[in-house]
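Working notes for the structure below.
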Amino acid sequence: QVHVVESGGGLVQAGGSLRLSCAASGSTLSIFAMGWHRQAPGKQRELVASIGSGGRTNYASSVKGRFTISRDNAKNTVYLQMNSLKPEDTAVYYCNVANMLGNYWGQGTQVTVSA
């Protein structure tokens, strides 16, 4: 089992920045992918960004150029730096960690961007 805990959400004005963190613990051997998804009220959960064990990244088109994902393999931690935030970025952000044993999710952290 892998335990996943997110932190760093909050309320910010449009144009502001937030940094989310996600720490994985437990059976962290061979984690190969870490990422962030989000779910806004009434909408489906969507991929925001992901990063592989070698550092290869993937971003949703809506956040490209504004968000940056990074990871610290030694700490089993993934970060999401969010700049130029927009009201449409408001959602619960979930961290996802994948290894050979399965796919694990955190409880989510709320990000609210006011106009």
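Observations
- Residue pairs whose Cβ atoms lie under 6 Å apart, sitting 6 or more positions apart in sequence or on different chains, and linking a residue in region 89-115 that is within 19 Å of Tyr59 (Cα to Cα) and part of a loop (DSSP other than H, G, I, E, B) to a partner that is open to solvent by less than 20 Å² (accessible area, probe 1.4 Å) and at pLDDT 95 or above, are Thr90/Val113.
- Region 7-63, residues that are small (Gly, Ala, Ser) and more than 24 Å from Lys86 (Cα to Cα): Ala23, Ala24, Ser25, Gly26, Ser27, Ser30, Ala33, Gly52, Ser53, Gly54, Gly55
- Condition check for Ser61: surrounded by fewer than 14 Cβ atoms within 10 Å (Cβ to Cβ), modelled with pLDDT of 95 or more and of a type in the set (S, T, N, Q): yes
- The selection criterion, being under 20 Å from Leu11 (Cα atoms) and touching a residue at least 60 places away in the same chain (Cβ under 8 Å), holds for Leu80.
The values are calculated or read from the model by the stated rules, or taken from the named source; none is laboratory data. Fair warning: this is a prediction, and the values are worked out from it, not measured in the lab. For neighbour counting, all protein chains shown are included, and Cβ atoms are generated from backbone atoms with ideal geometry for every residue, glycine included. For accessibility, only protein heavy atoms count, side chains too; no ligands or nucleic acids. Shrake-Rupley method; radii C 1.70, N 1.55, O 1.52, S 1.80 Å.
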